[in-house]
Every structure is written in structure tokens, then in C-alpha cells.
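The values are calculated or read from the model by the stated rules, or taken from the named source; none is laboratory data. Remember, predicted model here, so these are calculated numbers, not experimental data. Note that each Cβ is placed from the backbone with ideal geometry, even for glycine, and that neighbours are counted across all protein chains shown. Calculation scope for accessible area: heavy atoms of the full protein, side chains included, ligands and nucleic acids excluded. Shrake-Rupley method; radii C 1.70, N 1.55, O 1.52, S 1.80 Å.
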Amino acid sequence: MAIIEGAGGEYGKYFVQELHDPNAGTPEFQEMYKKFSHRILWIDDKLVPGSMQMNTAWYYAVPERDPVFKEHVHDDDEIVGFFSSDPENPNDLDAELTFTVNGEEHLITKSTLIFLPGGLPHGQIRILRVGRPIFHFSLMRGGEYNNGAYDTGDDQ
């Protein structure tokens, strides 16, 4: 059996190895986002038909906006993760952030996975301190990120 490099071959259409940035939010939000974060990869149903939606990024600084993401709700279930970038201390974020679920604010200082059932308000996120980059991801069962935390300019 031949080894196929990356996204080649019959099933290469299921491999995403380059960022197809969704450019979520207003142009002002996108510029602000780039100052504290670096998106790695994004996949959704538009890019790979039939796919769930997933976002991956590094958070490396405290953003100028607080909170950086507003509370929102999705129809689909979501998992949100924040992970340490220290392989010797994989649970220690060396950072502090808060994540709100239905008005309840939780302080996060170690690697965390959060399950959010569809319909549950969540996601006011405040990044308070970053000593070392945080690997962040969100994964939704639905194929598209909708009703999200990104500033769309609708509430201004």
C-alpha cells in the first residue's frame, strides 16, 4: 500500500492542513483578535461537506477588549477546550480566564474541557492573564458556527 502525502488521494478531501479563515465578526473584531490570538485551523460544512465545525487557535496575550467574547447560544451541542502549552505540566495553564455558563462565571487556571448542551447560554470569556500560550478549540456537532460569540456589529 502506498503512503499518500497529506491531502492527496481519494480521501484527501477530508484533510484540512491550511487555514481557511472564516473571518468571523466585524473587521474591527478581526483586527483585535489577531493581537491576542493566532487561529491555527478551522473546519466546517462549507469547507468539507458533512463535517462538524471546529476552530483551533493559540491565545498568547490579554486582549484589549474585556470580555473578548460575548455570551451566546447555539442550537447544537458544543465542546470548548483550553490547554496548557507546557508538556512537562500539561494541566497548568499559567494563565487565568473566566468562562460564563448561563450567567455563572467560572475561573479557569488549568487545562479544561467544557461540554455545552445546545440551547445553554455560555461564553462570555475574559482572558485575565497569559503567562504561556493557551491552546484553545471549540467543536460543534452542527456543520456551521452560528449564533456565535464573535462581534458582528449588530449590538452597536
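What the table below lists for this structure:
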{"item": "Subset of segment 129-141 [assigned to a loop (DSSP other than H, G, I, E, B) and surrounded by fewer than 18 Cβ atoms within 10 Å (Cβ to Cβ)]", "result": "131, 132, 141"}
{"item": "Any hit, segment 145-153, residues being in a loop (DSSP other than H, G, I, E, B) and among the aromatic types (Phe, Trp, Tyr)", "result": "yes"}
{"item": "Looking only at segment 22-46, and only at residues there that are in contact (Cβ under 8 Å) with a residue 12 or more places away in the chain, in a loop (DSSP other than H, G, I, E, B) and open to solvent by 60 Å² or more (accessible area, probe 1.4 Å), the one that is nearest to residue 84 (Cα to Cα)", "result": "35"}
{"item": "Qualifying residue in segment 88-100 (condition: polar (S, T, N, Q), open to solvent by 50 Å² or more (accessible area, probe 1.4 Å), modelled with pLDDT under 95 and more than 25 Å from residue 20 (Cα to Cα))", "result": "no"}
{"item": "Top-ranked residue of segment 101-115 - restricted to ones that are farther than 18 Å from residue 54 by Cα and part of a strand (DSSP E or B), ranked as least open to solvent (accessible area, probe 1.4 Å)", "result": "108"}
{"item": "In segment 47-68, the residues that are in contact with a Ser or Thr (Cβ under 9 Å, 6 or more places away or on another chain) and in a loop (DSSP other than H, G, I, E, B)", "result": "60, 61, 63, 67, 68"}
{"item": "Count of segment 74-83 residues which are of a type in the set (A, V, I, L, M) and crowded, with 16+ Cβ neighbours inside 10 Å", "result": "1"}
{"item": "Residue match in segment 69-86 (condition: at pLDDT below 95, outside any loop (DSSP other than H, G, I, E, B) and either under 21 Å from residue 36 (Cβ atoms) or among the basic types (Lys, Arg) (or both))", "result": "yes"}
{"item": "Matching entry among 62, 16, 48, 80 (being aliphatic (A, V, I, L, M) and out of contact with any strand residue (DSSP E or B) (no Cβ under 6 Å at 6 or more places or on another chain))", "result": "48"}
{"item": "Residue count, segment 47-67 (criterion: open to solvent by less than 10 Å² (accessible area, probe 1.4 Å), touching a Phe, Trp or Tyr at 6+ places or on another chain (Cβ under 7 Å), closer than 18 Å to residue 127 by Cα and of a type outside the set (Phe, Trp, Tyr))", "result": "1"}
{"item": "Cβ pairs under 6 Å, 6+ apart, first in segment 68-85 and closer than 19 Å to residue 96 by Cβ, second of a type in the set (D, E, K, R) and at pLDDT 90 or above", "result": "84/92; 85/132"}
